[in-house]
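Participant: To start, I am sharing the structure in question, which I have written as structure tokens.
The values are calculated or read from the model by the stated rules, or taken from the named source; none is laboratory data. Please read all numbers here as calculations on a predicted model, not as lab measurements. Backbone-built Cβ (ideal geometry, glycine too); neighbour counts: all protein chains shown. Remember, those area values only see protein heavy atoms, side chains included, never the ligands or the DNA or RNA. Shrake-Rupley method; radii C 1.70, N 1.55, O 1.52, S 1.80 Å.
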Amino acid sequence: MAPTPPFNPPSADLPGKPFVPEWIPPAVTKEKHNFAQLKSIDLSLLDSEDPAVVDNLIQQVKVAIRDDGFLFLENYGVSLEQLHRQFALAQYLYNNISEEDKERLLFDPDTGVWSGYKHPYGFKRHRGPPDGIEQFNWYKPDWASPQTRVPSCLHPFMDEIESFATYLTQSVNRRLLTLFSRVLELPDDYLWHHVQSHGSPTGEGYFRHALFRPVPKQTEEASKGLRMHGHTDFGLTTLLFSVPISCLQIWGRDEQWYYVPYKPGALVINIGDTLEIVSGGHFKATRHRVFRPPVDQRHEERLSLVLFNSSVGGLRMQPAYESPLIQREGCVEEQGVYKEFRNLTAQGKLVPTNKQWREIQIATVTDPTDTVRNRVGADQVLIDGKVMHQREYMGVKVVLPV
Ligand SMILES: O=C(O)CCC(=O)C(=O)O
Ligand SMILES: [Fe+2]
């Protein structure tokens, strides 16, 4: 295959663009305990002329998904310098967004989308206890009308932000879905054509600039150090950039939480519910959470850039039965959302559409500071002596580690 073109963004120095201070990555933690060891996939190998190299790559992906459900992706076409420019733009946003824009563009999760500005007071439109998390989320309508739907301080940089999101979706995620299609022994574009949503830089998904600030003592106590509940992402794949402040944790096979280490420039790929279902449980949706960082980073701010890739909203997911892997080995019945969807289908009931599935979760999200909901008897249950978070969405039970 011809080498994939690398990311080629519009210039940062065009006339009319204000000066944007560099983003200086904060120091890495000295803490060494409780870090996951994740496998890293070199995406450029997919372009190799040598079929043995490509076969080996697919095998590596298969093992990484089976063992960890999380993987690092490297050499995907964006340089460290280009990436740091995107972090600098996110930093610029939080240093320059006006109070008027925060008010005008305030998100409303009750609608089932995160679109717009999230204030640092919980995951509802009204202000709850401080959670220190600010976000700006770009959905299809926000890309279409940036003049009215994006903070004005970012207007001069929309060319760069849009081209970045487009490259991540159209090039990086498309190649990633090729890898996953090949693991399922399906045609290269199977997941891209049949499952991934299209149109606008992010299809039905969204791109996010997030800033996590240190939290006050009361928040820390109420949430027990949790910044975002243990969860799986509801879409197809999530592309997170590895960041120096260690807050992201994944649930290991030994049922413990582990921090994701910092690998400069790498993407952290996590598998969403849709991919678990399409793969008939061969891929596990990644269980992850956001937790306070190790002590030496506790006073640092954490920027996080994320692309959430979504499946076609109107589809009701089922395993891709045409997959030779599924035909040969059957589905993997023991886990998660796939199993719940399968049980509903077996009872002759309709599973939720992808759109319903993501919107219900956004609309009913709870905060880690919510001491009423986060206790056994409300949203938590004891299973084999372990406290688990249990929710039910449209007849689908979701049980996750706290
Ligand atoms: O910021 C992060 O590292 C993770 C955020 C996350 O898991 C999510 O928003 O779904
Ligand atoms: Fe997530």
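Participant: Taking the chain as a Gaussian network, where each spring joins two C-alpha atoms under 10 Å apart, which residue of V351, V372, V387 fluctuates the most?
Facilitator: V372
Participant: Just how much of V260 is accessible, in Å², when a 1.4 Å probe is used and the result is rounded to the nearest 10?
Facilitator: About 10 Å², ignoring ligands and nucleic acids.
Participant: Tally Lys/Arg at +1 and Asp/Glu at -1 over every other residue whose Cβ is under 13 Å from the Cβ of G281; what's the total?
Facilitator: Neighbour charge sum, excluding G281 itself: -2.
Participant: Between D13 and K386, with labels modelled 7 Å along Cα→Cβ, what's the label distance in nm to one decimal, could you check?
Facilitator: 5.4 nm
Participant: Scattering from the C-alpha atoms of the stretch 98-139 alone, worked out with Debye: what is log10 I(q)/I(0) at q = 0.15, 0.26, 0.27 1/Å?
Facilitator: Cα-only, vacuum Debye calculation for the stretch 98-139: -0.30, -0.90, -0.96.
Participant: If you take all C-alpha pairs in the stretch 191-266, what percent of them are over 15 Å apart?
Facilitator: 71 percent
Participant: Between E334 and V28, what is the label-to-label distance in nm when each label sits 7 Å out along the Cα-to-Cβ direction?
Facilitator: Computed distance between label sites E334 and V28 equals 3.4 nm.
Participant: Compare the Cα positions of G252, I326, V372 along the charge dipole of the chain (+1 at Cβ of Lys, Arg; -1 at Cβ of Asp, Glu; about the Cα centre) and return the one farthest towards the positive end.
Facilitator: After comparing all options, I get V372.
Participant: For a quick check of your reading of the filter: which trypsin sites (Lys or Arg not before Pro) in the stretch 142-225 sit in a DSSP loop and have no more than 14 other Cβ atoms within 10 Å?
Facilitator: Counting only loop positions with at most 14 other Cβ atoms within 10 Å, the trypsin sites (Lys or Arg not before Pro) in the stretch 142-225 are K224.
Participant: What do you get when you divide the Cα radius of gyration of the stretch 133-198 by 2.2 N^0.38 Å, with N the number of residues?
Facilitator: 1.42
Participant: Could you calculate the contour length gain from K217 to E185, that is, 0.36 nm times the residue separation minus the distance between their Cα atoms, to one decimal place in nm?
Facilitator: 6.4 nm
Participant: Taking the stretch 1-140, how much of its Cα-Cα pair set, in percent, is spaced more than 28 angstrom apart?
Facilitator: Considering the stretch 1-140, 47 percent of its Cα-Cα pairs are separated by more than 28 Å.
Participant: Specify the residue with the greatest mean-square fluctuation among D68, D47, D110, computed from a Gaussian network of the chain linking alpha-carbon atoms under 10 Å apart.
Facilitator: Taking springs between Cα atoms under 10 Å, the residue moving most is D47.
Participant: Set the bar at 19 Å for Cα to Cα. Now go through K62/K284; K349/K397; K39/K263; K39/K284; K217/K386; K124/K386 and name every pair that lies beyond it.
Facilitator: K217/K386; K124/K386
Participant: Gaussian network model of the chain, Cα springs within a sub-10 Å range: biggest mean-square fluctuation belongs to which of I360, I250, I24?
Facilitator: I24
Participant: With charges only on Cβ, +1 for K and R and -1 for D and E, what is the dipole size of the chain about its Cα centre, in debye, rounded to 20?
Facilitator: Dipole size: approximately 1000 debye.
Participant: Hey, another quick one. For all pairs of alpha-carbon atoms in the stretch 40-401, what percent lies in each bin of width 10 Å, listed from the first bin to the last filled one?
Facilitator: 5, 24, 35, 26, 9, 1
Participant: Counting only helical runs of four or more DSSP H residues, what would the 222 nm mean residue ellipticity of the chain come to if each run contributes -39,500 (n - 2.57) and the total is spread over all its residues?
Facilitator: My calculation for the chain gives -8000 deg cm²/dmol from helical runs alone.
Participant: Can you give the direction-averaged projected area of the convex hull of the alpha-carbon atoms in the stretch 171-327, in nm²?
Facilitator: Mean shadow area of the hull around the Cα atoms is 10.5 nm².
Participant: Each residue of the stretch 39-52 in turn: what ³J(HN,Hα) in whole Hz from Karplus with 6.51, -1.76, 1.60 and θ = phi - 60°, glycine and Pro shown as x?
Facilitator: Along the stretch 39-52, the couplings run 7, 10, 10, 8, 5, 5, 5, 4, 7, 4, 6, 8, x, 5 Hz.
Participant: Report the gain in length on full extension from Y321 to L80: 0.36 nm times residue separation, minus Cα-Cα distance, nm rounded to one decimal.
Facilitator: 82.8 nm
Participant: Shifting gears a bit: What whole-number distance in Å separates the alpha-carbon centres of the stretch 253-318 and the stretch 21-86?
Facilitator: Their Cα centres are 14 Å away from one another.
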